[in-house]
């Protein structure tokens, strides 16, 4: 793979534009391909809208102090938008091709066929679907060994996480190449098996539904639920991962709290998964026993706690929530 390979995206909608923004910002040539046949007038309108949206996103980040706005023209010069009829020319030399068409199987099938017909032989095809499993899509391409899913979180140009989900046929070198490229762009790629909801959407669906239930049941106002999330849930889990937090407080606390909630609501949605019960039986409940989801046996736990406290203070400072102590004058 070249140091900065050209990267294409089939689909010029919101996700495609966000990817093109990220790609060009990271120094790559970004090829944005319209997946629909349009009149010259309609294509000109789409091109203008897409470039204006990308430029506007760059300007917004620059205005917030993210980078020097003077380089925006250079970034924009790396982006080209191609008509569907000129797709073969647009894809030439692109080592990575992201598919970002609507979440409809026929649309995916058409996009994959375009890739098979016109992309370079060793190019990687990465779908950005948030709903269809990579194992279902792999059969739509003649080169499943070069295919995997890459689920970007919106807004793609800001969110660092990209969830990579290989199919059974995906060559390990394909996964390694895409992961390396994303890391070079400053992204944080993670790998998960083909499973509905991946990681982030699966967790956030449960959290969002539970927040809605709190309002529905009259437990709290929408404003107070969101304050609880912003100043409690959000600040904590912006520092500690969910599994790290279980270990931090102790898996036993989650075990007993889950049992209480399950009984109180008479609802198995609160039941702890078997792994929590198994960890309890084996005495692996986190920091206080030296192991849980993670191994702390060779760690300086006091130093680790101090680092995490420093992380919390930085998060509080960023949120404008730190205050000095109140000292009464004698």
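The values are calculated or read from the model by the stated rules, or taken from the named source; none is laboratory data. Every value quoted in this text rests on a predicted model; they were computed, and no experiment measured them. For neighbour counting, all protein chains shown are included, and Cβ atoms are generated from backbone atoms with ideal geometry for every residue, glycine included.
For residue 290, work out the one condition from (1) on the phi > 0 side of the Ramachandran plot; (2) in contact (Cβ under 8 Å) with a residue 12 or more places away in the chain it doesn't fulfil.
(2) is the only condition that residue 290 fails.
If I filter the stretch 199-209 for residues that are under 16 Å from the mean Cα position of the chain (by Cα) and in contact (Cβ under 8 Å) with a residue 60 or more places away in the chain, do I get at least one hit?
So far as the stretch 199-209 goes, yes, one or more of its residues are under 16 Å from the mean Cα position of the chain (by Cα) and in contact (Cβ under 8 Å) with a residue 60 or more places away in the chain.
Mind listing just one residue for me: the one in the stretch 181-212 that is part of a helix (DSSP H, G or I) and touching a strand residue (DSSP E or B) at 6+ places or on another chain (Cβ under 9 Å) and, of those, surrounded by the fewest Cβ atoms within 10 Å (Cβ to Cβ)? Break it down into steps so the answer makes sense when it comes.
Of all residues in the stretch 181-212, those part of a helix (DSSP H, G or I) come to 181-184, 200-212.
From what's left, touching a strand residue (DSSP E or B) at 6+ places or on another chain (Cβ under 9 Å): 181-183, 200-201.
Details: 181: 22, 182: 22, 183: 12, 200: 16, 201: 16.
Per the criteria, the residue is 183.
So, residue 252, is that one surrounded by 15 or more Cβ atoms within 10 Å (Cβ to Cβ) and either touching a helix residue (DSSP H, G or I) at 6+ places or on another chain (Cβ under 9 Å) or in a helix (DSSP H, G or I) (or both) or not?
So residue 252 fits the description; yes.
Can you tell me which residue among 222, 257 is farther than 28 Å from residue 317 by Cβ and at pLDDT 95 or above?
257
Quickly run through the stretch 29-45 and pick out the residues that are crowded, with 24+ Cβ neighbours inside 10 Å and either out of contact with any helix residue (DSSP H, G or I) (no Cβ under 6 Å at 6 or more places or on another chain) or within 16 Å of residue 182 (Cα to Cα) (or both).
Result: 30, single match.
Return yes or no: is residue 47 at pLDDT below 95 and either more than 22 Å from the chain's Cα centre (by Cα) or not assigned by TED's automatic domain parsing to the domain that holds residue 98 (or both)?
Considered against the rule, which asks whether it is at pLDDT below 95 and either more than 22 Å from the chain's Cα centre (by Cα) or not assigned by TED's automatic domain parsing to the domain that holds residue 98 (or both), residue 47 comes out as no.
Inside the stretch 167-189, can you point out the residues that are more than 15 Å from the chain's Cα centre (by Cα) and more than 14 Å from residue 95 (Cα to Cα)?
Scanning the stretch 167-189 gives 167, 168, 169, 170, 171, 172, 184.
Tell me, please, whether a residue that is touching a strand residue (DSSP E or B) at 6+ places or on another chain (Cβ under 8 Å), in contact (Cβ under 8 Å) with a residue 40 or more places away in the chain and closer than 22 Å to residue 203 by Cβ can be found in the stretch 251-271.
yes
Could you check how many residues of the stretch 311-330 are surrounded by 11 or more Cβ atoms within 10 Å (Cβ to Cβ) and free of Cβ contacts under 8 Å to residues at least 24 places away in the same chain?
So the count comes out to 4.
Counting only residues that are touching a helix residue (DSSP H, G or I) at 6+ places or on another chain (Cβ under 6 Å), farther than 22 Å from residue 75 by Cβ and buried (at least 18 other Cβ atoms within 10 Å of the Cβ), how many does the stretch 149-180 have?
5
Do we find that residue 175 is in contact with a strand residue (DSSP E or B) (Cβ under 8 Å, 6 or more places away or on another chain) and part of a strand (DSSP E or B) in this structure?
no
Would you point out which residue out of 222, 228 is farther than 30 Å from residue 129 by Cβ, surrounded by 13 or more Cβ atoms within 10 Å (Cβ to Cβ) and free of Cβ contacts under 8 Å to residues at least 12 places away in the same chain?
That would be 228, the only listed residue that is farther than 30 Å from residue 129 by Cβ, surrounded by 13 or more Cβ atoms within 10 Å (Cβ to Cβ) and free of Cβ contacts under 8 Å to residues at least 12 places away in the same chain.
Residue check: is residue 35 part of a loop (DSSP other than H, G, I, E, B), more than 20 Å from residue 155 (Cβ to Cβ) and in contact with a strand residue (DSSP E or B) (Cβ under 8 Å, 6 or more places away or on another chain)?
Here the answer is yes, as residue 35 does meet what is asked.
Using the structure shown, decide if residue 72 is assigned to a helix (DSSP H, G or I) and either surrounded by 19 or more Cβ atoms within 10 Å (Cβ to Cβ) or assigned by TED's automatic domain parsing to the domain that holds residue 128 (or both).
Spelling it out, residue 72 is indeed assigned to a helix (DSSP H, G or I) and either surrounded by 19 or more Cβ atoms within 10 Å (Cβ to Cβ) or assigned by TED's automatic domain parsing to the domain that holds residue 128 (or both).
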